[in-house]
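**Q** Let me begin by handing over the structure; questions about it come next.
The values are calculated or read from the model by the stated rules, or taken from the named source; none is laboratory data. A quick note: this is a predicted structure, and the numbers were derived from the prediction, not measured. Counting neighbours? That spans all protein chains shown, and the Cβs are built from the backbone with ideal geometry, glycine included.
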Amino acid sequence: MSQESTLKPPFFISREEELQLRIAADQLPLSPVITAPTSFDDFARQLMIPNTVMELARKASSIHFSAWETEAIRQSLHAGILKQILDEKGQKDTSHPPYIRVACTGKGDYDDWVLDQNPHLHVESDQEHKGDYGSPVVLEIWPAGHYSPIHSHGSTTGIVYCLTGQIEVMAYDSLAWDAKKLALITLTPGQCAWLNDQHFAVHKVYCPMPEGNFAATFHVYLNKSELPLLLKSSGTPNTRDIFEFVDENAPHELGQFETYSDLSWKLLRREMSRIAADLM
């Protein structure tokens, strides 16, 4: 029996391995987490994080969900459009429990359904996607127990900022099912992980919250052409339009994910407002 078959997803590690990976996260020369330093070691390990990344984290640091926004998302995940989208995505891809991508710019795949108030999410069309891709700013909603496959962000530079709930991020040294695990970190509201083409570009994200809860994360991805100082990179693909991932199902082949989102922020905001009004 293989080790994979005896260990549980999403990370397939033992308690002992988990402890060692959390210790490793605190011993990396660069901190994979950006937070308010509480010791000299924290400060020193964050000092060499690229200035562009630190500026993204600074700009995101004041973003938060209010109590009504959090409850509205919870209600939608239970019996609203977010649940329906998750159900549809889960039927299309059974490899892992799905999560929601909300584009803060552009159009989502399910925007037309929301606007038409269609009782069925499936839209008959010759096109696989009906939305836009490559949004630089994305809100991701992670129901309890849901996770992403191992994936790479190519040559982009970005942050994963925790807005509410709790997520765990496993960093890998390369894009492969059997890649070496570098570190396991936990993010709580106000903390963020970061990545660029040289550091922490490959990871897996998981929500360990109890059933009925969720986590929300705010993601910003900058292409090389958008950075103030351009550095040569051999990473491919080198834009946020396409990310590569490892299929959760055996034989764990590499695939490409065109970064379409499920919903636009303006329509999620409308759903949240509707639910909040009903709860009053």
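**Q** Can you pull out the residues in the stretch 39-88 that are touching an Asp or Glu at 6+ places or on another chain (Cβ under 7 Å) and not polar (S, T, N, Q)?
**A** G80, I81, I85
**Q** Mind checking whether some residue in the stretch 265-280 is part of a loop (DSSP other than H, G, I, E, B) and among the acidic types (D, E)?
**A** No - not one qualifying residue is present in the stretch 265-280.
**Q** Another question, then. Can you find a residue that is assigned to a strand (DSSP E or B), under 27 Å from A25 (Cβ atoms), among the polar types (S, T, N, Q) and at pLDDT 95 or above anywhere in the stretch 159-166?
**A** Looking through the stretch 159-166, at least one residue is assigned to a strand (DSSP E or B), under 27 Å from A25 (Cβ atoms), among the polar types (S, T, N, Q) and at pLDDT 95 or above.
**Q** Quick one: count up the residues across the stretch 28-57 that are touching a Lys or Arg at 6+ places or on another chain (Cβ under 9 Å) and more than 18 Å from A201 (Cβ to Cβ).
**A** Going through the stretch 28-57 one residue at a time, the tally reaches 1.
**Q** Additional query: So how many residues does the stretch 75-133 have that are closer than 16 Å to S264 by Cβ, modelled with pLDDT of 90 or more, part of a helix (DSSP H, G or I) and among the aliphatic types (A, V, I, L, M)?
**A** Result for the stretch 75-133: 3.
**Q** Looking at the stretch 167-181, can you tell me whether even one residue there is in a loop (DSSP other than H, G, I, E, B), of a type in the set (K, R) and within 30 Å of R270 (Cα to Cα)?
**A** no
**Q** Quick check on my filter: what residues within the stretch 95-118 are out of contact with any strand residue (DSSP E or B) (no Cβ under 9 Å at 6 or more places or on another chain) and either touching a residue at least 24 places away in the same chain (Cβ under 8 Å) or crowded, with 18+ Cβ neighbours inside 10 Å (or both)?
**A** Scanning the stretch 95-118 gives S95, W113, L115.
**Q** Does T52 fit the bill of being in contact with a Leu (Cβ under 7 Å, 6 or more places away or on another chain) and more than 26 Å from G145 (Cα to Cα)?
**A** yes
**Q** Quick check on my filter: what residues within the stretch 136-189 are touching a Cys at 6+ places or on another chain (Cβ under 7 Å) and within 21 Å of E55 (Cα to Cα)?
**A** Scanning the stretch 136-189 gives V137, V138, L139, I159, V160, Y161, C162, L187, T188, P189.
**Q** A further question follows. Of the conditions (1) at pLDDT below 90; (2) within 18 Å of the chain's Cα centre (by Cα), P237 satisfies every one except a single condition; which number is it?
**A** Of the numbered conditions (1) at pLDDT below 90; (2) within 18 Å of the chain's Cα centre (by Cα), the odd one out for P237 is (2).
**Q** Which of the residues that make up the stretch 21-66 are outside any loop (DSSP other than H, G, I, E, B) and either loosely packed, with under 14 Cβ neighbours inside 10 Å or among the acidic types (D, E) (or both)?
**A** I23, F40, D41, D42, F43, A44, L47, N51, E55, R58, K59
**Q** Collect the residues in the stretch 34-66 that are at pLDDT 95 or above and touching a helix residue (DSSP H, G or I) at 6+ places or on another chain (Cβ under 6 Å), keeping them in residue-number order.
**A** Of everything in the stretch 34-66, just one residue is at pLDDT 95 or above and touching a helix residue (DSSP H, G or I) at 6+ places or on another chain (Cβ under 6 Å), namely I34.
**Q** To continue, here is another question. State the number of residues belonging to the stretch 31-53 that are under 28 Å from H252 (Cβ atoms) and either of a type in the set (A, V, I, L, M, F, W, C) or touching a Pro at 6+ places or on another chain (Cβ under 9 Å) (or both).
**A** Looking only at that region, the number is 1.
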